[in-house]
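S.K.: Provided herewith is a single structure, encoded as structure tokens, for subsequent inquiry.
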Amino acid sequence: MRRNPLRDRLLAVLSVVILLPTVAHSQERSLKEAVGERFKLGVGVGHGVLQNAADVALIGEHFQILTPENAMKPQGIHPAENEWNFGPTDRFVEVARAQKLEVVGHCLVWAKDDRTDEWMMKEGDQPVSRSTLLRRIETHVNTVVERYADVVTMWDVVNEAIGDSDSNGLLRDSVYWRTTGMEFIVTAFKAARAKDPDALLIYNDYNGHKPEKRKKLLEFLRQLDEKGVPVDAYGMQGHFELGDDSLSQLRETFDELRKLGLKVVVSELDIDVVTRGRWWADGGKYREELAKHDPYKDGLSEELHAQLSKEYVALFQLFTDYSDIIERVSFWNLHDGQSWLNYFPWKRVNHPLLFDRMRQTKPSFDAVHTFLKTGAVPGQDENSRSTP
Ligand code: GLA
């Protein structure tokens, strides 16, 4: 039979709607219900995931807001100046609308050259001029925001513009920075605000809690505030590694953001179990060895499950303490089998989330759910419970 995309889509939506009650109700403990009014709970998933009824059911049970993992990124949705690839994002938001889920628009500008198409960087065979680049950014933001503003409640307006700790500049070197200075950020935020006045506008980045990068982040946000740029929140990606103990740095960062009157979203939460840090150490000399490092093919030991649980609970304790400024916590991917950390930066079997490859809850799920419901913390006795 010939493929009929419209029929396939209808069938996918129908199967989701029909299966939803049976699959969802088999799960009795809902994370979003346990989180309550603290903040919104979300998850970032690939657009293909939303065509799978079991995944959609799991999402509906536990989460209220979805981030498209790749489809809406500039290189995904806007492959050439006058060409748009709306299909995958349209299908994504169609399911979100049908399930009454909110969506995070991710992301309007990704301020990295290796995440930017040639057409954006060039004008004929010359580097793009400042006015053309700003006009292209404005057109991109206007077009995407206008199309999805009904279902998107938060936008990652600019992603990863700040220089890493080992670079001198405030912003990373990119075509955007070289050509416009900070102006591309001003243009993107102002355009997003004009097209979607009620949405939360986010600046999203990684490692903003690490002292050197935090200094840059705060300076960056102060400068934007001075220029009257409508940034509502800092998006802390939250790609942690087991054992990295960032709690006090996170507290210090959240305190500073609160002083600036900004909200926080935890935009891409996971805890890498087959940790990746050494991949970049000492000029990459461990890469050959790491490329063969795949220690948990058969699953995690009880000890590691316990450690993962403890670290997730500590994070949710912290998020609870700062729930006056935290608007949302989103996991990055739905279950272990779908995590990007199975491939990045090398191929391995990873276990960074609360659901396993069979979509079953893990001990980390149990611990987080119990903490959210009762305040109980693994390894702490009953009398020293905090109030949830
Ligand atoms: C960054 C981006 C995300 C995603 C991750 C890796 O954090 O913001 O969209 O690409 O890298 O998957």
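S.K.: If you go through segment 113-165, how many residues are in contact with a helix residue (DSSP H, G or I) (Cβ under 6 Å, 6 or more places away or on another chain), open to solvent by 80 Å² or more (accessible area, probe 1.4 Å) and within 27 Å of Arg214 (Cβ to Cβ)?
M.R.: Looking only at that region, the number is 0.
S.K.: Test Pro74 against the stated conditions and say whether it is closer than 15 Å to Thr143 by Cβ, at pLDDT 95 or above and buried (at least 18 other Cβ atoms within 10 Å of the Cβ).
M.R.: Considered against the rule, which asks whether it is closer than 15 Å to Thr143 by Cβ, at pLDDT 95 or above and buried (at least 18 other Cβ atoms within 10 Å of the Cβ), Pro74 comes out as yes.
Here is a yes/no grid of residues against (1) within 16 Å of the ligand (Cβ to nearest atom); (2) modelled with pLDDT under 95; (3) open to solvent by 30 Å² or more (accessible area, probe 1.4 Å); (4) of a type in the set (D, E, K, R):
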{"site": "Leu262", "(1), (2), (3), (4)": "no, no, no, no"}
{"site": "Arg278", "(1), (2), (3), (4)": "no, no, yes, yes"}
{"site": "Asp282", "(1), (2), (3), (4)": "no, no, yes, yes"}
{"site": "Leu290", "(1), (2), (3), (4)": "no, no, no, no"}
{"site": "Ser301", "(1), (2), (3), (4)": "no, no, yes, no"}
{"site": "His305", "(1), (2), (3), (4)": "no, no, yes, no"}
{"site": "Leu308", "(1), (2), (3), (4)": "no, no, no, no"}
{"site": "Phe319", "(1), (2), (3), (4)": "no, no, no, no"}
{"site": "Gln338", "(1), (2), (3), (4)": "yes, no, yes, no"}
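S.K.: Return yes when Ser131 is at pLDDT below 95 and more than 23 Å from the chain's Cα centre (by Cα) and no when it is not.
M.R.: Considered against the rule, which asks whether it is at pLDDT below 95 and more than 23 Å from the chain's Cα centre (by Cα), Ser131 comes out as no.
S.K.: Let me ask something else. Residues being in a strand (DSSP E or B), away from the ligand (no atom under 16 Å from the Cβ) and of a type in the set (Asp, Glu): count how many of those fall in segment 190-206.
M.R.: 0
S.K.: Moving to a separate point now. Residue by residue through segment 349-361, note down the ones that are in a loop (DSSP other than H, G, I, E, B) and open to solvent by 10 Å² or more (accessible area, probe 1.4 Å).
M.R.: Passing the criteria: Val349, His351, Asp356, Arg357, Met358, Arg359, Gln360.
S.K.: Let me ask something else. Where in segment 30-98 are there helices (runs of 4 or more DSSP H), lying wholly inside it, with at least 3 residues that are within 18 Å of Phe355 (Cβ to Cβ) and more than 16 Å from the ligand (Cβ to nearest atom)?
M.R.: 31-35, 53-62
S.K.: Kindly establish whether Lys362 is free of Cβ contacts under 8 Å to residues at least 60 places away in the same chain, within 16 Å of the ligand (Cβ to nearest atom) and farther than 17 Å from Glu268 by Cα. I'd like the intermediate steps shown before the answer.
M.R.: On the way: free of Cβ contacts under 8 Å to residues at least 60 places away in the same chain: yes; within 16 Å of the ligand (Cβ to nearest atom): no; farther than 17 Å from Glu268 by Cα: yes.
Considered against the rule, which asks whether it is free of Cβ contacts under 8 Å to residues at least 60 places away in the same chain, within 16 Å of the ligand (Cβ to nearest atom) and farther than 17 Å from Glu268 by Cα, Lys362 comes out as no.
S.K.: Scan (1) more than 16 Å from the ligand (Cβ to nearest atom); (2) under 17 Å from Lys73 (Cα atoms) for the single condition Thr179 breaks and write down its number.
M.R.: (2)
S.K.: From the list Gln307, Gln338, Gln317, which one is more than 30 Å from Ile202 (Cα to Cα) and of a type in the set (S, T, N, Q)?
M.R.: After ruling out the rest, the residue left standing is Gln307.
The values are calculated or read from the model by the stated rules, or taken from the named source; none is laboratory data. On a predicted model such as this, the values are computed, not experimentally measured, just so you know. For neighbour counting, all protein chains shown are included, and Cβ atoms are generated from backbone atoms with ideal geometry for every residue, glycine included. For the accessible areas, the whole protein counts, side chains as well, though only heavy atoms, and no ligand, DNA or RNA atoms are used. Shrake-Rupley method; radii C 1.70, N 1.55, O 1.52, S 1.80 Å.
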